[in-house]
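Heads up, the thing below is written out as structure tokens.
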Amino acid sequence: MDGHQQEPMTCQDFERLLALYVWDELEAGERASVEAHIQHCANCAALLAREGKVRSALAQGEGPADKLDPAGTLLSQCRSELAEALDDAAEPRARWGWLNALRPANWLIPSFAHHPVWSATLLVLLGAALGSGLPPWYRSRLMQPGGTPLKVFASPRISEQDLQSMGIAGINWVPGGGSGSPRVELHLTAEKPLVVQGSVDDTDVKRVLTFVVQNGQRFDSGVRLDSVEVLRTRSGDGDVRRALCTAAGKDSNPGVRLKALEALRGFEQDEIVRRTLLDALLSDSNPGVRVEAVNALRALAEKGTLEDQRLVSVLRDRMQRDPNNYIRMQSAAAIRQLPREVY
């Protein structure tokens, strides 16, 4: 008799190989042994039939597996882990030491061997965890830089191209700034949403705000009004005053023009501010804007330190021609307060 003749398979051996047989993971010799055993063991044949039904249900999408792992990634991973485990089983276990206990395959192999039906249920549960839990977490980690606004407290160095293409979603005051320059948040809508936080003294904050008021046609009136309101806290800055003068002379919204003139109070001696006030008094179609301009010019005339022939010319014109009675009266009063040699 051949000394190497294979002994008949026991039911314990069959249970150990059942799940591998159902999922086509056995070598030809082992498959033949399983098939030979079920020919004379009714209990094992029934167990194989039940495990086969579970396998068929999962494969045909009758259960939730097709929804949980539509690409078959979980099954592929399990097969890979199983193959590694079978290879490792042939090597001395001392080689791996305590790290062997951490391998997922070492959790799955006993499950397949002793509880074949429960092992299929475990696969479904693992698929649910991986399919519904891991992908959203992973996507959130990947999408965080582009999907949610990035808040920048230091200068983000906004380029000129960014200025030309950006939008403004909102301008908010930041409470609790303490003493010094007030802090604001600028919510920019560009290729990547950006929140810039800082004071008006910060380079990029000032660049954005002055760009908004100087390019009124690009932004809605609410954003322009907010920008002027923030910039008025730094009217002493020459760049800010020039931006406010542009808004006072060119903005299509009279409310923005009026607020810009109000922000220029106290700087009437500045030539560009004085010229802006005169242009507004002479040409602005809104009486409220003209009233603000004549009031500022009268305050300038009261100081009696300015000799400006254009100032006198504009005041005389408004004293005689302005349709608003208050403006005519204030223009006349301002002329009387000027040094006599001026007019």
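The values are calculated or read from the model by the stated rules, or taken from the named source; none is laboratory data. Owing to the predicted nature of the structure, the values given are computational and were not obtained by experimental measurement. Because the Cβ atoms are built from the backbone with ideal geometry, glycine has one as well, and the counts that use them run over all protein chains shown.
Scanning the stretch 245-283 for residues that are closer than 16 Å to Arg310 by Cβ, among the acidic types (Asp, Glu) and at pLDDT 95 or above yields a single hit, Asp279.
Among the residues of the stretch 309-327, those that are of a type outside the set (S, T, N, Q), assigned to a helix (DSSP H, G or I) and surrounded by fewer than 16 Cβ atoms within 10 Å (Cβ to Cβ) comprise Arg310, Arg316, Asp317, Arg321, Tyr326.
Matching residues to (1) surrounded by fewer than 19 Cβ atoms within 10 Å (Cβ to Cβ); (2) out of contact with any Pro (no Cβ under 9 Å at 6 or more places or on another chain); (3) without any contact (Cβ under 8 Å) to a residue 40 or more places away in the chain:
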{"residue": "Tyr21", "(1), (2), (3)": "no, yes, yes"}
{"residue": "Asp24", "(1), (2), (3)": "yes, yes, yes"}
{"residue": "Glu30", "(1), (2), (3)": "yes, yes, yes"}
{"residue": "Ala36", "(1), (2), (3)": "yes, no, yes"}
{"residue": "Ala42", "(1), (2), (3)": "yes, yes, yes"}
{"residue": "Ala45", "(1), (2), (3)": "yes, yes, yes"}
{"residue": "Ala49", "(1), (2), (3)": "yes, yes, yes"}
{"residue": "Gly52", "(1), (2), (3)": "yes, yes, yes"}
{"residue": "Ser56", "(1), (2), (3)": "yes, yes, yes"}
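Going through (1) surrounded by fewer than 22 Cβ atoms within 10 Å (Cβ to Cβ); (2) out of contact with any Ser or Thr (no Cβ under 7 Å at 6 or more places or on another chain); (3) hydrophobic (A, V, I, L, M, F, W, C); (4) over 21 Å from Met166 (Cα atoms) one by one, Phe211 falls short only on (4).
When every residue of the stretch 217-224 is checked against the conditions, at least one turns out to be of a type outside the set (Phe, Trp, Tyr), closer than 28 Å to Val294 by Cα, part of a helix (DSSP H, G or I) and touching a residue at least 40 places away in the same chain (Cβ under 8 Å). The set of residues in the stretch 266-292 being in a helix (DSSP H, G or I) and either touching a residue at least 60 places away in the same chain (Cβ under 8 Å) or farther than 15 Å from Gly255 by Cβ (or both) consists of Glu271, Ile272, Val273, Arg274, Arg275, Thr276, Leu277, Leu278, Asp279, Leu281, Leu282, Ser283. Residues in the stretch 2-26 that are modelled with pLDDT of 85 or more and in a loop (DSSP other than H, G, I, E, B): Thr10 alone. For the stretch 293-308, taking the residues that are of a type in the set (Asp, Glu) and either surrounded by 15 or more Cβ atoms within 10 Å (Cβ to Cβ) or in a loop (DSSP other than H, G, I, E, B) (or both), the one that is nearest to the chain's Cα centre (by Cα) is identified as Asp308. Please work out if Leu186 is touching a strand residue (DSSP E or B) at 6+ places or on another chain (Cβ under 6 Å) and buried (at least 22 other Cβ atoms within 10 Å of the Cβ). Yes.
Of a type in the set (D, E, K, R), surrounded by 22 or more Cβ atoms within 10 Å (Cβ to Cβ) and in a helix (DSSP H, G or I), is that true of Lys259? Answer is yes for this residue. With respect to (1) in contact with a Lys or Arg (Cβ under 8 Å, 6 or more places away or on another chain); (2) closer than 19 Å to Asn172 by Cα; (3) not acidic (Asp, Glu), the lone exception for Val273 is condition (2). Against the conditions (1) closer than 28 Å to Ser313 by Cα; (2) buried (at least 19 other Cβ atoms within 10 Å of the Cβ); (3) out of contact with any helix residue (DSSP H, G or I) (no Cβ under 6 Å at 6 or more places or on another chain), Cys245 satisfies every one except (3). The single condition from (1) charged (D, E, K, R); (2) crowded, with 21+ Cβ neighbours inside 10 Å; (3) free of Cβ contacts under 8 Å to residues at least 12 places away in the same chain that Asp251 fails is (3).
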